[in-house]
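FYI, it's all coordinate maths here, none of it is from the lab. Computed from a predicted model, the values in this text were never measured in an experiment. Here the Cβ positions follow ideal geometry from the backbone for every residue, glycine too, while neighbour counts run over all protein chains shown.
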Amino acid sequence: MTNDIAVAAVARPGAAQNDESAFVILTLADQLCGVPVLAVRDVLADQAIARIPLAPREVAGNLNLRGRIVTAIDLRERLRLPPRADGAPFMSIVTEQGTELYALLVDQVSEVLTLRRAAMEANPPTLPRIWAEHSHGIYRLEQRLMVVLDVERLLQIDIAAAA
Amino acid sequence: MDDLIAEFLTETNEALADLDLALVKLERTPDDQATLSLIFRLVHTIKGTCGFLGLPRLEHVAHAAENVLGRVRDRELIATPAVITAVLTSLDRIKLILSGLAANGSEPTGDDAACIAALELAASGEPAESTAPVEATAAEPQQAEQPAGEVATASQTIRVGVDVLEELMTLVGELVLTRNQLLQISRAEGTNLFTAPLQRLSHITTDLQEGVMKTRMQPIGNAWNKLPRLVRDLANETGKKIELDMHGQETELDRQVLELMRDPLTHMVRNSADHGLETPAVRRAAGKNEAGTIRLNAYHEGGHIIIEVADDGRGLDLAAIRAKVLSKGLATEAELAAMSEAQVRHFIFRAGFSTAAAVTAISGRGVGMDVVRSNIERIGGTVELTSTAGVGSCFTIKIPLTLAIVSALIVKACGERFAIPQISVLELVRVGGVGGTAATIEQIGGAPVLRLRNQLLPLISLGELLRLNENGAKAENTTVVVTAVGSGMLGIVVDDVYDTEEIVVKPVAPILRHVTMFSGNTILGDGAVIMILDPNGVARSAGVSSARDQKASSSRNLQVARSDDGIALLLFRVGGQSAPRAVPLNLVARLEDFPRDKIEFSAGGAVTQYRDKLMPLIAMDDGAIEQASEGATQPVLVFTDGERSMGLMVSEIVDVVHDRLNIELGAARPGLLGTAVIAGQATDVLDTSYWLMQAWRDWFGTAQGPQARRRLLVVEDSDFFRQLLVPALAAAGYEVTAAASAAEALRLRDGGLELDAIVSDIDMPDMDGLEFARRVRGDGGAWALLPMIALTGRGAPADEARGREAGFSDYCQKFERDALLASLRQCLTEQVLM
């Protein structure tokens, strides 16, 4: 049922050299973003998500990943983007922090890119604060710009502010 | 097999493995005193326990080996390879006998003369060229029996890392989930090919789950083992006399629960010692025993563990709590006045609440019972408190056997499903149904309540509380789940109730920990992830405090109080009196009706033949015999202790009642403890010991009567031997304190332990018995004049002389129970005469 994309297979063999990093590329409200491939355990589509009452608004709910409970974080909510249209498809990127699993809900996962580390640029000073706080830097790809997301920061949800 | 034998086998096999290594080491370095002492002690312990358990073959071989080693230790013999070979051969013989013991539960027959002769030869220091043939004869039967024996003894226990067990438990949890999922699918599909194998899989999974749970079980004694020391230190710091009384140490619970209970228990014991118990002066003034008692009791009850922490101290000071509640503004005076005592007491579980007048180093800093309560609630448990001013307090903790898998009720509210742990569900009430038979929810100022029998039950709508109805989901409110929270009850209104299901509890993610209404989450059989509700958290979030559930609480407290609600008492009548007399039922071994013509009168009084022995019969009242002779049979209360029995003749056995034994009037005459109100009637309570003494002068082992219990200290390094000796001495009427080393014993002395006599082992690591005796005698401490009895396995006159020189009053063979008791009696009588 689940449309798992085997991340390792997508990555180009022998791609990641010492001075290169591989990223899972995703879109969030038309913005291209990247997550380091090493931080990604699974990519899922069409998952049933059980909502959790009284949870912070970023927490979309729980999902069952082969018998493990995964907390789903909606990155649109997390980055204060407009909500997805009802019934619009989404995908999740599962990542592990400590012993906990989290699923980052995104609009679309497209590919894995290997990029030279030196090519990453610092965040422009005009970047909105919410983006700047959760980004490592920017890559200029041929067509578009890609924001490298800081997964660790994304999972640090301020409970007081969220409630 | 006898537990003692099984334990002995395990311990001895470990010792033998150590011995093999140590002996080989000794052969290489014959001068290594440390190794030699170790070897000697191990062999000595084996011999001592064999003697105690009545295993003569083992004892003789071990004794011969010990003699050899003793001479080596005293440098009268050199540990030549020949000597070592002789000892190793004897160890092989011991192993052989042990394997027979393991297989049959008793020593196999056989002749050890050759083996012992070889050892004696070695001990005499002769060149041991004869060891070779002995080895050959000893080896022969060994070859045949060894393999079977090895298997039988080696596979009794195995050490496994905790992480391996945790991993297993996680896997079993996953398996249970998958099983549930399969069963769900199977139910939906109807009967098909898979149904039967699935059933089998289901059963095996359940068995496996139970098996794995068993591996994680540990006796609660493990969480208690630090308490005696703690209590002793507290007693010193506070200048109180405290006795710690522990029951049910062997009660097993999941090690995860055990770990989490360790701190709350320690805190509660600390609290009892500091707040609960009074100083000796106060206790004396109140007419109580100077030494206060803290009683710990653990037992299983319906899938839960009950732990009681009770003290016989001053009880909770309700006035102080009320004052504190007022000063903290937790309730108004009017509210307080309306509260039951139980509710007032419950305030001590509030954060920052301490009634200790002075902040001591021990407790009273305002971190206390609230932390205890939240710790206990975190593992899904509850804590209750009963207390009587001047008599004591009792905390009753109820916790689940395990945290990993619990039974839960699945409910639905506004289309979402939740699990409520079965432990807190009291009952389910259907409401609002058609036909008028169901109860209805009523409103008081917008607050829903339910009339449940004679109480008003506060209600909470789960849908509203969790704000599930915001997006239009309609609440149907069909069922009230009545749950136990704190000292009261709370009704949780839900739309629907499904089944109960065994769920695997998984902790919630850290970012959800602030939602205290959930204690975890789980995956159901259909793969859905649902939240587990914590009824205590729900009550707190809803602002249901003790002020609102007061009416509900009173009935529950009745239930809770049951545990210390008294004992079973046997009521009987004597002579022509109408007032019944009582005796605690557990003291009575049996009730008999003897035919009148079977009672004979001999020189000393009435006797009867009972179970092939003569049993003395005592009349409680001179008139009793005549009165009773009206009937054809004579009712008799039979008391037994070991081999001895005695019968107490009464005229009529009335009833067995369950009541508090609270003796209010002292006894006017011997044979009665006093008068108590039992079942609403003034009743004389029997002084059992007086009547036992009438029948057998030496019923209590000494002729001194029960009130003069002599206090003994047993110093013995072997756990096993200590466990044998302490109950044996206690059974003989002594009050026994045990110390595992001489150093510990000296600490007890410095801690002010009062004694009548000391029994000490000679061979102990670090400080041996001789040194200990010198220290006791020489330091001029409190014990300097006490009788000291040395326990040894070696009865050589030279040893005895050395012992007396060091200060021992007498020398006893370690494994001769009767000789030791005789020696104790003699020493203690001499002391009285002095």
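For residue B:168 and residue B:233, what does the FRET efficiency come to when R0 = 60 Å and r is the distance between their Cβ atoms, rounded to the nearest 0.05? According to the calculation, E is roughly 0.95. Computed from backbone phi, the HN-Hα couplings of the range B:278-287 come to 8, 6, x, 4, 5, 5, 4, 4, 7, x Hz, rounded to whole numbers (Karplus: 6.51 cos²θ - 1.76 cosθ + 1.60, θ = phi - 60°; Gly and Pro given as x). Applying 1/(1 + (r/R0)^6) with r as the Cβ-Cβ distance of residue B:196 and residue B:516 and R0 = 60 angstrom yields a FRET efficiency of 0.85. Exposure proxy for B:40, B:395: other Cβ atoms within 10 Å of each Cβ, ordered fewest to most, give B:40, B:395.
Here, the range B:219-400 is characterised by an Rg to Rh ratio of 0.96, where Rg is the alpha-carbon radius of gyration and Rh the Kirkwood radius.
Counting Cβ atoms of other protein chains within 10 Å of each residue's Cβ and taking the mean over peptide B:411-422 gives 1. Less than 5 angstrom separates the built amide H of residue B:599 from none of the residues sequence-distant by 5 or more or on a different chain. Each Lys and Arg Cβ is given +1 and each Asp and Glu Cβ -1; about its Cα centre, chain A then shows a dipole of about 80 debye. Treating r as the C-beta distance of residue B:80 and residue A:120 and R0 as 45 Å, the FRET efficiency rounds to 0.05.
In this structure, the amide hydrogen of residue B:244, modeled 1.01 Å from its nitrogen in the peptide plane, lies closer than 5 angstrom to those of B:294, counting only residues at least 5 positions away or on a different chain.
Considering only B:185, B:213, B:164, the residue lying farthest towards the positive end of the dipole of the range B:162-215 is B:185, judged by Cα position with unit charges set on Cβ. Here the range B:219-400 is assigned +1 on the Cβ of each Lys and Arg and -1 on the Cβ of each Asp and Glu. Its dipole about the Cα centre then comes out at about 480 debye. Of the cross-linked pairs B:226/B:398; B:288/B:328; B:241/B:324, those separated by over 24 Å at the C-alpha level are B:288/B:328; B:241/B:324. Of all lysines in the structure, the ones whose alpha carbon falls short of 17 Å from that of residue B:95, not counting any fewer than 8 places away in one chain, are B:47.
Centre-to-centre separation between the Cα atoms of the range B:266-330 and those of the range A:52-81: 46 Å.
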